[in-house]
Amino acid sequence: MNNQIGYIGAKIKELAGDHVQRLNSATTNEKFITPLLDKWECSKKVEANLCLLVGEYLISQTTENKHNLLAFVKDLGLTLIISNATLNQSIRFFYGTRGSILDLLHQEVLGKRISIECYFEVMKIIEQLFQLMSKTLLKIYNEEIDFIRLALDDAEKDLTMTLKELADLERVLNEATIFAISDHEDKIIYVNDNLCQLYKYSREELIGKPHSIFSSNYHPPSFFHEVWETIQSGEAWKGEILNQAKDGTKYWLDTTIIPFLDANGEHYKHISIQYDITEKRKSEEMIRKAEKLSMIGELAAGIAHEIRNPLTTIRGFVQLLNNNGINPYYADTILDEIDRINFIVSELMVFAKPHQVVFRDCDITSILLSVIKFLEPEANLKNVNIDCQFPIEEVVISGEKNQLKQVFINLIKNAIEAMPSGGKVSVVVEKILQSIVITVKDEGKGMEAEQIKRLGEPFFTTKQDGNGLGLMVSYKIIQNHKGSIHVASEVNQGTTFTISFDAPQSSGDRPSAIE
């Protein structure tokens, strides 16, 4: 930011190059220089010197530069008094230069050659300088003339440019940001259209309300206490906040809050500038999950290799005992448990190093009918009815048949187990535009939002005897098939899994490295 402030200082010095070539004013159409001083032969030269000194101070904010500026103001003040200029005229002369500087600053921020933060910082420095120059000038006039008190009211009117400057700031910020202005009690006094659109409130609903109206209850009270202490101390606060719109939608926002201080250094209002970073946060979350799956893959490869070899040996010897007529106690149980361990290892192998899998055109309805037939005995035992709604024509996607079958077995089996007292499982296949959508819906106990968020994580399960690997593998398979999976659930209302695939553009065998 120091480089940008130095850059502005150099630009201000350039204004002096041609006796202050006045810019097209974006802040006001008012002519600052009065007729008396307009005719003053040295007025342009004085303005040029004033720009040089102000620019020099911005480039190097030293005590010496400030002293030089104030010494110039003192000499100029005496000259103005001799020229019969009133205090009001003299101050308006100074603010003519200030208007040129603010016009320059306004154009630089609109041209995006300086940041918003630099804009505010330079404005703050300029205001302090011109207030200091005004005070110096007031002191000189107070010593020289008796009517200073009468002229002070007019001078103060020229010193209070806040409303006009805020209008300019609003125009700059409204287009690109989510913007609000609040008073010293954090009650909203202005919001722009972008904010209303994001939060789905009208402007009338927000004016006079505190910012807690957007609370998502994600952050603890201590978080907002820290934010408030920062802006009360006169410092800007920057961070990320999770807010909630009127309809309950939550948004992550990159937020900067900048306080305004009065002459006594007291905070009297602040502005908040926000950018919606919800999609960015989602992308970061997906990257984190991908990194977790990568680590699981490395772990799975090692586990599968180390476990499968001794399992094969043990199973072979138990089968050999059976074939030789020697039936050790619990032999069947041992074989069942070995098969169960082998199944878990097979699921883990999905996350092992990339291996070659051939994608072929697969008929989704055919695969689902096969899965339903396989699971019907278990469904009947638990008094569960599986209802199918399939289109008449074939529904084909490109994929690996056995892996897709494994996904549907996991989802339908989970739906059956979610209804221990019986119920209905609906399996629907639809073609929607260029997508193929498979829906598996149950009438079970459902899940809470936090449980839905964790689905697919290693070893997370809502079942007492589950291991969490089934859904983890299913998510990985869907991802490898370039599909997406969405879960909707309410406690005691059931759960719906929706899987979407892009319809294939052409048929045939396509080898693909599954990672």
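The values are calculated or read from the model by the stated rules, or taken from the named source; none is laboratory data. What you are looking at is a predicted structure, and each value in this text was computed from that prediction instead of being measured. Glycine gets a Cβ as well: all are built from the backbone with ideal geometry, and neighbour counts include every protein chain shown. Side chains are part of the model used for accessible areas, which takes the heavy atoms of the whole protein and leaves out ligands, DNA and RNA. Shrake-Rupley method; radii C 1.70, N 1.55, O 1.52, S 1.80 Å.
Net charge within 13 Å of V429 by Cβ-Cβ distance, Lys/Arg positive one each and Asp/Glu negative one each, not counting V429 itself? List each step's numbers first, then the result.
Details: positive: K431, K441; negative: D363, D387, E393, E394, E430.
Here the charged neighbours net out to -3.
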Inset, instruction - Kindly report, to the nearest 10 Å², the accessible surface of E121 as traced by a 1.4 Å probe over protein heavy atoms only. - result: 70
